[in-house]
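This is the structure I want to talk about, given as structure tokens.
The values are calculated or read from the model by the stated rules, or taken from the named source; none is laboratory data. None of these values were measured; they are calculated from a predicted model. Cβ sites come from the backbone with ideal geometry, for glycine too, and all protein chains shown count toward neighbours.
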Amino acid sequence: MTDENSHATEVRERWTRPENAPALDGIRAALAGGGDWRALVRAWTLPWGADNDLAGIPLAGVGLGGVDLTGVVLSYADLSGCDLGGCDLTDAFLTGTDLRGARLVNATLTRANAGLCDLSGADLSGVTADDAVFSRARLVGTRLSGASLRRVKFVAAELGDADFSHADLSDAVLVAARTAGIVLDGARMEGTRGGAMRR
């Protein structure tokens, strides 16, 4: 855990350095306004030039609806209260990301790695998150009604009071997940493994 915590601190602190303030402002504006944020990230991360590295970025409350975030690295970022409705987060890295109270209605999280992230109180209604990983994540009071969650891994996740009504949990893995108060009205659960759940 020490290495993990030090990495989280490192990627968050880089955005707070005075010399990086212009890059942060430009990237944040491009994300919110539909600009070419990938080109800005690529220029900022020279000489290696990665165009998807937003790890640790502070974006709390920013409106990002509909932005193409495929393959983006948002590990340990602060996206609490963000509007990510309709965003494409296919293959995104959301490890340890703060998404408390965020809105991800109809977003795509196919194959996203969201282990250890905090989605408490978030709205993921209608998301497509097939083959995603939410192991050890917090989804307390999270709304996932009508979501496609086929083969999703919720291993050791906290799912208390989460709303999975009419969600497709076919072949999902909920081993060691905490499921007290979970809502499963109309949910599809063929092949679902683990969890003390009742519909």
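Is there a residue being out of contact with any Pro (no Cβ under 6 Å at 6 or more places or on another chain), within 22 Å of GLY63 (Cβ to Cβ) and either acidic (Asp, Glu) or at pLDDT 95 or above (or both) anywhere in segment 131-141?
Looking for residues that are out of contact with any Pro (no Cβ under 6 Å at 6 or more places or on another chain), within 22 Å of GLY63 (Cβ to Cβ) and either acidic (Asp, Glu) or at pLDDT 95 or above (or both), one finds none in segment 131-141, hence no.
Among the residues of segment 158-178, what is the count of those that are surrounded by fewer than 21 Cβ atoms within 10 Å (Cβ to Cβ) and of a type in the set (Gly, Ala, Ser)?
Total satisfying the criteria: 4.
Name the single residue that is modelled with the lowest pLDDT among those in segment 170-193 being closer than 20 Å to GLY115 by Cα and in contact with a strand residue (DSSP E or B) (Cβ under 6 Å, 6 or more places away or on another chain).
ARG193
Sticking with this structure for a sec: Quickly run through segment 138-188 and pick out the residues that are part of a strand (DSSP E or B), in contact with a Ser or Thr (Cβ under 7 Å, 6 or more places away or on another chain) and either in contact (Cβ under 8 Å) with a residue 60 or more places away in the chain or not aliphatic (A, V, I, L, M) (or both).
Across segment 138-188, the qualifying residues are ARG138, ARG143, SER148, LYS153, ASP163, ASP168, ARG188.
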